[in-house]
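Novice: Before we start, here is the structure in question, set down as C-alpha cells.
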Amino acid sequence: MAIDSLVGRLEPEAVSFPFVLSTPVWGAGHLGLFLNVCLPSLLAAGNLPSLAPNPKNQYLIYTRAEDEAELKAAATFRRLSEIISVDVRLIQEEITEPHRTMSNCHIDSIRRADEVGGAAIFLPPDCVWSEGSMLALERIARSGKSVVHMSGIRLDRDGVLPEFANSYSNNGTVLSFRPRDLVSIGLRHLHPIALTHFWKDYDGQLMPANLIWNIPGEGLLLRCFHLHPLMVKSQVPFAKFSSTIDDDLALRACPDASRDYVVTDSDEILAFEMSGLSRVVGTICPKESIEGVASWAEFGANARHRELVKNTIRLKAADDNGAAWSAAQAESDDVVSSIAEMNARSTVQLFYRYPAVFAGRAMASALGRGNRSDKGVFALTRYLVPLVVWLMRLNAALYRTIFLVDGVPRITHPFWLIRKGMVSALQKAILEGDREIALVGADPEIAAEVSAAHPDAFVHIFASRSDPPPPRLGRGDSNEMMDVLVVIDVDLLDPRPMVQPHTGRRQILLRLAGDSRPVSGSFDEIRFFGGRGTRLCSFLWNGTRRVRARLRPISQIAHSVAKAAGAPLRPLFYVGLALVSCMVNVLGLLLDVARAERWDVFQREGNSLPHGPST
C-alpha cells in the first residue's frame with residue numbers, strides 16, 4: 001500500500017504548529033543503536049524526510065560531552081541535519097539515575113514545544129520504526145488529537161540486529177521495513193522481558209503493565225495499561241509532571257482524555273524497543289491472575305491507564321480476521337472487564353474478598369495515588385509503607401552484595417556449585433564453529449558468559465518450558481536451524497518434560513549427574529555434570545524453591561505481609577543463609593573431588609539413557 005494512500009493528504013492550513021522531536025541518548029550501547037538502527041529507520045520512506053516543512057520544526061538530542069564527537073561524526077546524523085534543524089544539548093548533571101536524567105530531558109523538550117506552541121515527539125534511542133510511521137503521526141496530530149499513545153514491545157537486541165543487515169540502503173543511512181515485515185522479524189526475537197507480559201504463555205511470573213496474547217505465526221494482541229506517549233501537544237502549557245512520561249504526563253498536560261489517540265493497528269505506526277539479554281524487570285504476580293493484576297493496578301496504574309487498557313492493540317504479521325484473533329479478543333475482553341470490576345469494589349469488600357487487591361489499595365494510598373475517601377482507612381500506611389519500601393531496597397542492595405558479583409552467584413549463594421558445573425559443561429558442549437546457539441533454561445548472565453567465550457556467535461535464550469515453543473527459528477527469516485540447541489534441565493523435583501523446539505542441528509540435553517528421569521525428545525547427546533556433592537546442593541536448592549512456590553499461592557496477601565514484616569530481620573537471615581550456603585557448597589565441592597567422579601557425554605540410542613558415572 002502506498003504511503004500517500006495510507007495516511008491521506010494534508011490540507012495546507014493544517015500544518016500550523018511545529019514539531020519538537022527529542023531523543024536522550026548516551027553511552028556506547030545506546031548511541032550505537034540510535035545512530036545505526038533508530039535514525040536509519042526514521043530516515044526511511046514516510047518518516048522524517050516526509051514531514052511537512054516548518055521552519056520551527058526541531059530535533060533535540062540530549063547527550064554527554066564525551067559522546068558529542070561520535071554523534072556528530074555519524075553519516076546518519078549528517079543526513080538528519082539536512083532535513084531538520086538539530087540541536088545537540090549537553091547533559092550537565094552527573095547521570096546517577098538514568099530514568100531521572102531521561103525524565104529531565106523530556107521535561108525540557110516539552111517545555112520548548114510549549115514555548116513555540118508545538119507538539120513534543122518523544123523518540124527513544126533504542127527503537128526501530130516501520131516506514132510511514134511519522135507521516136501517520138502527522139496526520140493524527142493535525143486531526144486535533146493531543147496525545148498519541150503507542151506500544152513498544154521489547155526485542156532481543158543481539159538476536160534481531162543481524163536480521164537488519166540486508167535492509168539498509170543509501171550507504172547504510174536508511175533502514176526500511178514495511179510494518180508487517182517488521183512484525184514478522186519481531187516475533188522471532190522477543191526479549192525475555194516481553195515474555196513476562198504474556199497473559200498465559202511461557203513460564204515465570206507476570207508483569208501486568210502490558211498484557212499479551214499470542215496469535216501463533218500471525219501476530220500479538222495487546223491490552224496495555226502503560227503506553228508510550230509518542231506525541232504530546234499540551235492542553236495545559238508548562239504543566240508539571242513528577243514521574244516518567246508514560247505515568248503522569250498525560251494527566252497533567254492533557255486532562256481532556258477525549259483527545260487521546262491510541263495506535264491500535266501496527267499497519268499505521270509501529271516501533272519495537274531493543275535491549276540486551278542482561279536487561280531485566282521485576283514481575284508482580286502469577287500468570288493468569290486477575291487478582292494479581294488488579295492489586296498492581298491499584299498503585300501501578302492511574303485513571304488514564306485504566307482507560308488505555310480498554311483499547312485492543314494488534315501487531316500484525318498477517319490479516320487479523322481469523323478465529324485465533326477472535327478468541328484472543330474475547331478472552332482479553334473478559335480479563336480486562338474482570339480486573340476493572342475488581343478495582344471498582346469498595347475498600348471494605350476488598351478487605352474481605354480480595355485481600356491482595358486491598359493491599360494494593362493500601363500501597364496506592366501510601367504513595368498518594370489512592371482515593372481521598374480512603375485516607376482515613378489507610379492513615380498509618382503513609383508512614384509504614386515508605387519505611388518498609390526503604391527497608392526492602394536496603395535488603396535488595398545487601399542481597400546483591402552478599403550473594404552476587406556482577407549478577408553472578410558468589411560461593412555464598414546456594415546455586416553456586418550447580419551453576420559452576422553447569423556453565424563448564426555448557427561451554428564444552430559448544431564447538432568453535434557454532435555461530436547460532438540456542439539455550440533453553442539459561443538465565444541472561446549464563447548467556448552473556450557464553451557470548452563472551454564465543455564472540456562471533458549469536459546466543460538466544462528461551463524459557464525453560466515455553467508453551468507454545470519459542471517463535472524464533474534461527475537466522476533471518478529462513479528456516480535454517482540453529483547450529484546447536486542446549487536444553488538445561490537441572491530441576492530434579494519437577495517431573496514435567498522440558499520443551500525441545502526443533503531448531504538445532506545438534507540437540508543436547510544438560511543434566512545433573514545421576515539424574516535418571518525419563519527423557520522426552522530426540523536429543524543427540526545427554527551431557528552430565530557434577531557429582532554427589534553437586535547433587536546434594538541441587539536437592540537443597542530445588543527443595544527450598546519448591547517449598548516457596550507451594551506456599552505463595554496459598555495467600556498472596558499473607559506472603560506480601562510476611563515479606564514486609566520480615567524486612568527488619570532480613571539482614572540476619574541473609575548472613576545466616578550465606579554461611580550455610582558457603583559450607584554446603586564447600587562440602588559439595590569436596591565430595592565431588594574426593595570421589596573423583598567423571599560424568600561423560602552419552603550418545604542416546606533408542607530409549608536407553610545411562611545415568612551413572614563412568615569407571
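Rule-based calculations on the coordinates, nothing more; no lab input. Since the structure is predicted, the reported quantities are computational estimates derived from the model, not experimental observations. Cβ atoms come from the backbone with ideal geometry, glycine included; neighbour counts cover every protein chain shown.
Novice: Could you compute the FRET efficiency for residue 340 and residue 78, with r as their C-beta to C-beta distance and R0 at 41 Å, rounded to 0.05?
Specialist: Calculated value: 0.25.
Novice: Can you grab the distance from the C-alpha centre of the range 21-88 to the C-alpha centre of the range 166-233, Å, no decimals?
Specialist: Using only Cα atoms, the two centres lie 23 Å from each other.
Novice: Once amide H atoms are built 1.01 Å from N in the peptide plane, which residues 5 or more positions from residue 269, or in another chain, come under 5 Å H to H?
Specialist: none
Novice: Mind ordering 527-538, 274-285 by average Cβ neighbours within 10 Å, highest first?
Specialist: Final packing ranking: 527-538, 274-285.
Novice: Right, next: Given that compact globular proteins tend to follow 2.2 N^0.38 Å, what is the ratio of the alpha-carbon Rg of the range 16-339 to that value?
Specialist: Normalised Rg, Cα atoms only: 0.96.
Novice: Cross-link partners among lysines for residue 240, C-alpha distance below 18 Å, same-chain residues fewer than 8 apart left out?
Specialist: none
Novice: If I model a spin label at residue 352 and residue 65 as a point 7 Å from the Cα along the Cα→Cβ vector, what separation in nanometres do I get?
Specialist: A separation of 6.6 nm, rounded to one decimal place.
Novice: Still on this structure: Arranged from highest to lowest average of other beta-carbon atoms within 10 Å per residue, in what order do the peptides 125-133, 287-295 appear?
Specialist: Packing order, densest peptide first, comes out as 125-133, 287-295.
Novice: So what does the Cα-only Debye profile of the range 116-182 read at q = 0.19, 0.21, 0.25 Å⁻¹, as log10 I(q)/I(0), no solvent term?
Specialist: For the requested q values the scattering log ratios are -0.93, -1.06, -1.30.
Novice: Show the residues, 5+ positions off or on another chain, whose built amide H is closer than 5 Å to the amide H of residue 243.
Specialist: Correct list: 248.
Novice: Hey, another quick one. Tell me the relative contact order for the range 232-272 as a rounded percent, counting alpha carbon contacts under 8 Å between residues six or more apart.
Specialist: Worked out over the range 232-272, it gives 35 percent.
Novice: Once phi is turned into θ = phi - 60°, what whole-Hz ³J(HN,Hα) does the Karplus curve with 6.51, -1.76 and 1.60 give for every residue of the range 346-352, x standing for Gly and Pro?
Specialist: 5, 4, 5, 4, 5, 4, 8
Novice: For the range 247-264, in order, what is each residue's ³J(HN,Hα) by Karplus, 6.51 cos²θ - 1.76 cosθ + 1.60 with θ = phi - 60°, in whole Hz (x at glycine and Pro)?
Specialist: Calculated HN-Hα couplings, in order: 9, 10, 4, 4, 4, 7, 7, 9, x, 7, 5, 5, 9, 7, 9, 10, 6, 9 Hz.
Novice: As an exercise, use a Förster radius of 60 Å and the Cβ-Cβ distance of residue 525 and residue 318 to find the FRET efficiency, rounded to the nearest 0.05.
Specialist: Once rounded, the FRET efficiency stands at 0.95.
Novice: Something else now. By how many nm would the segment from residue 205 to residue 410 grow when fully extended, if each residue of separation counts as 0.36 nm and the alpha-carbon distance is taken off?
Specialist: 71.3 nm
Novice: While we're looking at this one, here's another question. Excluding residues fewer than 8 places away in the same chain, name every one of the lysines whose C-alpha is closer than 27 Å to that of residue 316.
Specialist: The qualifying lysines are 145, 200, 287.
Novice: Sticking with this one: Once label points are set 7 Å from the Cα along Cα→Cβ at both residue 435 and residue 396, what is their separation, rounded to one decimal in nm?
Specialist: Simple spin-label model gives 4.1 nm for this pair.
Novice: Tell me the relative contact order for the range 16-339 as a rounded percent, counting alpha carbon contacts under 8 Å between residues six or more apart.
Specialist: Relative contact order comes out at 22 percent.
Novice: Shifting gears a bit: So for the pair residue 583, residue 456, with labels modelled 7 Å out along Cα→Cβ, what separation do we get in nm?
Specialist: Each label point lies 7 Å from its Cα, and together they span 4.9 nm.
Novice: Right, next: Which ³J(HN,Hα) values in Hz, rounded to whole numbers, follow from the phi angles of the range 407-418 under the Karplus curve 6.51 cos²θ - 1.76 cosθ + 1.60, where θ = phi - 60° and Gly and Pro get x?
Specialist: Residue by residue, the range 407-418 yields x, 9, x, 7, 5, 6, 8, x, 8, 4, 5, 4 Hz.
Novice: If you take the beta carbon distance between residue 573 and residue 307 as r and set R0 to 51 Å, what does 1/(1 + (r/R0)^6) give as a FRET efficiency, to the nearest 0.05?
Specialist: After rounding, the FRET efficiency stands at 0.75.
Novice: Let me ask another. Scan around residue 460 for amide H atoms under 5 Å from its own, H built in the peptide plane at 1.01 Å from N, and keep only partners 5 or more places away or cross-chain.
Specialist: Placed amide hydrogens put 437, 438, 439 under 5 Å from residue 460.
Novice: Between the range 319-363 and the range 396-432, what is the separation of their alpha carbon centroids in Å?
Specialist: Between the Cα centre of the range 319-363 and that of the range 396-432, the gap is 39 Å.
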